[in-house]
Amino acid sequence: MKFLQGLFLVAPLTAALQLDRRGKVVYDGYKIFRVASGSDVAAFEAQLESLEAIDLTHNHGHVDEEHFDVAVPPESLPAFDALNLTSQVLSDDLGADIALEGDLAEYPELDFSAAALPSLSWFSAYHAYADHLTFLKDVQSSFSSNSELITAGKSFEGRAIQGIHLWGSGGKGSKPAVYFHGNVHAREWISSKVVEYLTYQLVANYNNDTTVKSFLDKYDFYILPIVNPDGFVYTQTTNRLWRKNRQTRSSTTAVGTDVNRNWPYKWDGEGSSTSPGSETYRGQAAGDTPENTGIRTLGDQLAASKGIKLYIDWHSYGQYILTPYGYSCSAVATNSAKQNTLSRGTAAAIAKPYGTQFTYGPTCATLYATAGGSNDYVTDVNKAELGWAIELRDTGRNGFTLPADQILASGTEAWEGMKYLFANM
Ligand SMILES: [Zn+2]
């Protein structure tokens, strides 16, 4: 398999980025291309290195389909055209796509007909980080005898990594864990919204839907919608396409480590970078990000207590259900037949409401290699029965800047998938 050592696309250099009057990066005129790398990836890297393009994602599922999604700044477009690459335009203007996401909305009214949960309009818009914390607090208050707010350590900039723990009739902490993470990659805004939607459905329906009640009576849910709060805030204040955390290091001027290449298991391998400027920078040492320490410690505690039945790291985009492993395309999970059956069934359930197609399969073989990724750690170290990553909508047209009017549908279809999974796993 091809190894994209260090990734050819450098992270955007601050000097090259244009800022508006509020200090936000301007993406007007950036075009997004899906580019076929061809068989000579090294030559491809060399060709694109100087364009200051932004690495969005890549997919090496099959050699003849290997492609990269890149955002090319307007000043580099002539040079990009001159490369004569096989490419397809995904977006003519990233700045316009960002505008289509809509402004960050006001925090909604509480809905007293729904046990004082926030109104469903929470899922019609994107919101500021502080409002996400208010959302969690309000959800918890509406379900106070079966939940508590939890924290999983602190981010590099000192923000508590906040979440919620839900339980059913067996009492707090009495059942195996379902453990969800959202927004480890800062720009993947749909992931926290969907994780919050799942939380909302569990809480809103526990007392009036026997199926939902059975889920919470069988499992303790530990849900952290935004595990990379510093990066998330940075996407809202400064750079919408920021991916990593905001950790600085004395050895480099580059900022940020990919928390999902930093897990201390199969760390420093294919699918992660040693270069601090890369979008997939693995860190200087395994597990050396504060965010990883926080969320890993919580997972370790859950594993040592009642065990982890299901872990899902929620991401976007691409529409994939990814099972172990990421570090190797030949390693096979001991329960791979079960994982295959369940991921296939989950994909079918997701497709029910709107026909949205999710591809499923082992991470490395299906999408790309990911050394130091969460699902491998949780699978092999924490012995989770199911250690998954899910890449939400879409397949590239809007990518990370999914319009706000797709939040509710994304949540609805994910909930269908989870209802199938919780009932069958
Ligand atoms: Zn991601």
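Of the set (1) touching a residue at least 60 places away in the same chain (Cβ under 8 Å); (2) away from the ligand (no atom under 16 Å from the Cβ); (3) of a type outside the set (A, V, I, L, M), all apply to Arg187 but (2).
Scanning segment 66-118 for residues that are aliphatic (A, V, I, L, M), buried (at least 19 other Cβ atoms within 10 Å of the Cβ) and under 19 Å from Ile407 (Cβ atoms) returns Ile98, Leu117. With a requirement of 3 or more residues that are open to solvent by less than 10 Å² (accessible area, probe 1.4 Å) and within 16 Å of the ligand (Cβ to nearest atom), the helices (runs of 4 or more DSSP H) lying completely within segment 362-425 that satisfy it span 374-380. Looking at (1) more than 16 Å from the ligand (Cβ to nearest atom); (2) surrounded by 21 or more Cβ atoms within 10 Å (Cβ to Cβ), which is the only condition Gly355 fails? The failed condition is (2).
For the condition open to solvent by 10 Å² or more (accessible area, probe 1.4 Å) and part of a loop (DSSP other than H, G, I, E, B), Ala303 does not qualify.
Checking each residue in segment 231-245 for being closer than 15 Å to Gly283 by Cβ and either open to solvent by 40 Å² or more (accessible area, probe 1.4 Å) or not in a loop (DSSP other than H, G, I, E, B) (or both) picks out only Gly231.
What do you reckon, is Ala347 away from the ligand (no atom under 16 Å from the Cβ) and either surrounded by 24 or more Cβ atoms within 10 Å (Cβ to Cβ) or among the aliphatic types (A, V, I, L, M) (or both)? Here the answer is yes, as Ala347 does meet what is asked. Does Tyr222 satisfy the criteria of being within 18 Å of Asp394 (Cα to Cα), among the aromatic types (Phe, Trp, Tyr), away from the ligand (no atom under 16 Å from the Cβ) and in the same structural domain as Lys306 (by TED's automatic domain parsing)? No: the conditions fail for Tyr222. Against the definition (within 16 Å of the ligand (Cβ to nearest atom) and not in a helix (DSSP H, G or I)), how does Gly271 come out, yes or no? Against the criterion (within 16 Å of the ligand (Cβ to nearest atom) and not in a helix (DSSP H, G or I)), Gly271 qualifies. Restricting attention to segment 246-264, the residues being among the β-branched types (Val, Ile, Thr) and not in a loop (DSSP other than H, G, I, E, B) number 2.
Among the residues of segment 153-179, those identified as crowded, with 19+ Cβ neighbours inside 10 Å, among the small types (Gly, Ala, Ser) and under 26 Å from Met425 (Cβ atoms) are Gly163, Gly168, Ala177. The C-beta contact set for segment 293-319 (first residue under 24 Å from Gly283 (Cβ atoms), second residue away from the ligand (no atom under 15 Å from the Cβ) and among the basic types (Lys, Arg), distance under 7 angstrom, 6+ apart or interchain) comprises Gly294/Lys154; Ala303/Lys383.
Within segment 76-113, being modelled with pLDDT of 90 or more, in a loop (DSSP other than H, G, I, E, B) and under 19 Å from Lys31 (Cα atoms) holds for Asp92, Asp93.
If you go through segment 84-116, how many residues are more than 29 Å from Gly396 (Cα to Cα) and among the aliphatic types (A, V, I, L, M)? Here the count works out to 4. The requirement of being over 19 Å from the mean Cα position of the chain (by Cα) and crowded, with 21+ Cβ neighbours inside 10 Å is not satisfied by Lys218.
Which of the numbered conditions does Ser37 fail, given that it passes all the others? Conditions: (1) modelled with pLDDT of 85 or more; (2) open to solvent by less than 20 Å² (accessible area, probe 1.4 Å); (3) in contact with a strand residue (DSSP E or B) (Cβ under 7 Å, 6 or more places away or on another chain). Going through (1) modelled with pLDDT of 85 or more; (2) open to solvent by less than 20 Å² (accessible area, probe 1.4 Å); (3) in contact with a strand residue (DSSP E or B) (Cβ under 7 Å, 6 or more places away or on another chain) one by one, Ser37 breaks only (1). Within the set Tyr360, Tyr377, Tyr368, the sole residue that is out of contact with any strand residue (DSSP E or B) (no Cβ under 7 Å at 6 or more places or on another chain) and of a type in the set (Phe, Trp, Tyr) turns out to be Tyr377.
Can you find a residue that is in a helix (DSSP H, G or I), within 16 Å of the ligand (Cβ to nearest atom) and in the same structural domain as Gly173 (by TED's automatic domain parsing) anywhere in segment 326-344? Scanning segment 326-344 turns up no residue that is in a helix (DSSP H, G or I), within 16 Å of the ligand (Cβ to nearest atom) and in the same structural domain as Gly173 (by TED's automatic domain parsing).
The listed residues are Ser336, Ser328, Ser278, and the only one of them that is more than 19 Å from the chain's Cα centre (by Cα) and modelled with pLDDT under 95 turns out to be Ser328. Looking across segment 345-361 at every residue that is outside any helix (DSSP H, G or I) and in contact (Cβ under 8 Å) with a residue 24 or more places away in the chain, the one that is farthest from Gly411 (Cα to Cα) is identified as Gly361.
The values are calculated or read from the model by the stated rules, or taken from the named source; none is laboratory data. The structure displayed is predicted, hence computed values, not measured ones. Here Cβ is always computed from backbone atoms with ideal geometry, including for glycine, and neighbour counts include all displayed protein chains. Please note that ligands, DNA and RNA were not included when accessible areas were found on the heavy atoms of the full protein model with its side chains. Shrake-Rupley method; radii C 1.70, N 1.55, O 1.52, S 1.80 Å.
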